[in-house]
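Inspection log for the structure reproduced underneath, given as structure tokens.
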Amino acid sequence: MTDPTTPAHIPDASTPTTTEPHRTWQRYVAIGDSFTEGMSDLDPSDPSGDAYRGWADVLAGHLSARAAAAGVDFGYANLAVRGRKLDDIVGQQLDAALELSPDLVSMVGGGNDILRPKVDLDALAARLESAVERIRATGADVLLATPADPAEAGLLSSLRGRHGIHTANLFSIAQRHGCHVLNLWQLAALRGWSQWAEDRIHLTTEGHRRVAHAAAQALGVEGVDEAWLTRPDAPTAGRRIDELREHGAWVRTHVAPWVQRRVTGRSSGDGRTPKRPTLAPVQPAPLP
């Protein structure tokens, strides 16, 4: 029976959906950190200049259009908050997500843990797998995401080994539990700096657009422009002195404040709440 407290325009969790491989999801919940919150893709509809859109919001618009075409309702919640580590994502965020009875959960986390000087990647994978098991036990589908390949990311290229192991662990988890995987590792477009914001950690608007297409393809839905696979810029060999100057500016502007927060036990997400804490309708829109 439909919960009388559930708005009429949001489908009840018991509402049947079509079957795979062309499932029409009706209750999508995204959990994670700044990547899923949408930094640094500023939301053009928010005048404050402090709200972000991002790939998950873009994907939700496309899933909403699919639901509308199928004659069913659609609701979307985004519980991701910048700076969050995996324990919070698979803990508080996941608890809140499951209370919304989703039929699709995107769970992207671990990136902030991997940036720490020390990290147990196997323990990280075990926590992720336990979270996947919880979600799959409800009958919901799961979308995971690998890290991008940082081979050409300058100082961040030192993370390539960790990213590679984490990627292998994610694919193993997905294979065991039937999850969809947003494979950012193979997305050549993200290896060019044009897709990354000034801080070199978050995607530009164009980067988020490409990831939304990659996510749609990972879910097996139509409407994907495979041009997102192509790389918009070719690797260039700049002068060493210019590269060092750019790295120095980046360290002063972005790395030093990050280190300071770590030393003082603070996070960029302190005091922040999710931007879409409850299921709500989304304007149907094709992938841009």
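Some values worked out for this structure:
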read-out	value
Amide H partners (placed H, <5 Å) of Ala285, local residues excluded	His62, Ser64, Ala65
Estimated vicinal HN-Hα couplings, Hz - the stretch 53-59 in sequence order (Karplus 6.51, -1.76, 1.60; Gly, Pro = x)	9, x, 4, 5, 5, 5, 4
Environment charge at Asp57 (Cβ cut-off 12 Å; Lys +1, Arg +1, Asp -1, Glu -1)	0
Mean Cβ count within 10 Å, highest first, over the residues of peptides 68-79, 174-185, 110-121	68-79, 174-185, 110-121
HN-Hα J in Hz across the stretch 201-207 - Karplus 6.51, -1.76, 1.60, θ = phi - 60°, x for Gly and Pro	10, 10, 7, 6, 4, 5, x
Long-range HN-HN contacts of Leu182 with modeled amide H, under 5 Å	Leu144, Ala145, Thr146
Amide H partners (placed H, <5 Å) of Trp196, local residues excluded	Thr204
Cα gyration tensor category, rounded, prolate or oblate, for the stretch 94-147 with a/c compared to 1.5	prolate
Assigned charges on the beta-carbon of Lys, Arg, Asp, Glu; the stretch 104-154 dipole about Cα centre (debye)	200 debye
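Where a number appears in this text, it was derived from the coordinates with a stated rule and is not lab data. Since the model is a prediction, treat every value here as computed from it, not as a measurement. Cβ: placed from backbone, ideal geometry, glycine included. Neighbour counts: every protein chain shown.
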